[in-house]
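**Student:** Below: one structure in structure tokens.
Computed from the coordinates by the stated procedures, all read-outs in this text should not be read as laboratory data. Values in this document were obtained by computation on a predicted structure and should not be read as measured data. When we count neighbours, we look across all protein chains shown, and the Cβ atoms used for this are built from the backbone with ideal geometry, even at glycine.
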Amino acid sequence: MAFEAHRISIDPADGSPPDPPAAPEAGLVLAYVPDRGAPACGRHLLEFAHRWREQGHRVVLADGCVDRPILHVAAGVENGEGLTDVVLHGTSLARVRVPLDRGVALVTAGTVVPDRDRVLEHPRWTTLVTGLREVSGLLVVAVADDAEAHRLEGLAEVVVRFDAGEEPAQADSAPAGSGRPAPDVAGSAPVAGPVPPTADALSRRSAASATDTARKATAPAKSGSRTGLLVVVLLLVVLGALGSAFMGWIEIPGVTPADVEAIVGSFPLR
């Protein structure tokens, strides 16, 4: 079956919904949803369903993103039994659908399965679409834009592709003072070079330099003080010996008390 194709550009950051395409009288509308902007696409599909209901359609919105469900989040309901249970296990559509408004019902993704192709290419889709077409119902199925949905495309009257554009590039700028150079605009590796020291490193270097300078400055003073102390001790020893000889306590060969008196008398007394 030939289908009518529509491409709808959206801005994931903009909450205002785009205008929906014209819906067929009955049958299947297949909507491809990109991973980027998937939550916004879920909200837009809910809005489309309500607008189509206002135009007189009875709408069943089904979440075919069975590996990454989105519609139950947009509708604010739980993801219980749903589409995978209907397609793989034959659960009744009437049992799993969740009424959202008069004439609008949601079928959540249901039990999450790893093999989405098994769900999207299942032959039971023909029975589902034919049954809704016979009662003038409109089945809207959302699938991931990288899914293989050839069987659904063959059954669809309308195929919608949401286009969220490209992911904006983000510059990897290094924070100030981190010492890590940021890559250039082309993304090539930064040129290696010396990393400037941080303020903390400069402070430690300054403190170490000051300590080393003080140690060198005090070394001569300590050496000079030791020399002066030695001279004082020798002088006291000499004066003690001379004093003892003067008092007659000891005798110094070749030195008489008169000699000692003459030596001691040469020191000025203040």
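**Student:** Looking only at residues in the range 90-122 that are over 34 Å from the mean Cα position of the chain (by Cα) and without any contact (Cβ under 8 Å) to a residue 24 or more places away in the chain, which one is farthest from ALA22 (Cα to Cα)? Reasoning before the result, please.
**Tutor:** The first filter runs over the range 90-122 and keeps only residues over 34 Å from the mean Cα position of the chain (by Cα), leaving 90-107, 118-122.
If we keep only those that are without any contact (Cβ under 8 Å) to a residue 24 or more places away in the chain too, we end up with 91-92, 94-96, 98-99.
Working: THR91: 31, SER92: 29, ALA94: 26, ARG95: 29, VAL96: 27, VAL98: 24, PRO99: 23 Å.
Looking at residues that are over 34 Å from the mean Cα position of the chain (by Cα) and without any contact (Cβ under 8 Å) to a residue 24 or more places away in the chain, I get THR91.
**Student:** Could you list, in sequence order, the residues of the range 1-36 that are closer than 13 Å to VAL140 by Cβ and free of Cβ contacts under 8 Å to residues at least 60 places away in the same chain?
**Tutor:** Correct list: PRO20 only.
**Student:** Wholly within the range 1-99, which helices (runs of 4 or more DSSP H) include no fewer than the required count, namely at least 1 residues that are exposed (fewer than 14 other Cβ atoms within 10 Å of the Cβ)? Step through it out loud before you land on a result.
**Tutor:** Values: elements: 38-54, 71-75, 83-89, 93-96.
The helices (runs of 4 or more DSSP H) meeting that bar are 38-54, 83-89, 93-96.
**Student:** So, in the range 62-77, exactly how many residues are closer than 18 Å to GLU47 by Cβ and either acidic (Asp, Glu) or in contact with a Ser or Thr (Cβ under 6 Å, 6 or more places away or on another chain) (or both)?
**Tutor:** Within the range 62-77, residues that are closer than 18 Å to GLU47 by Cβ and either acidic (Asp, Glu) or in contact with a Ser or Thr (Cβ under 6 Å, 6 or more places away or on another chain) (or both) number 2.
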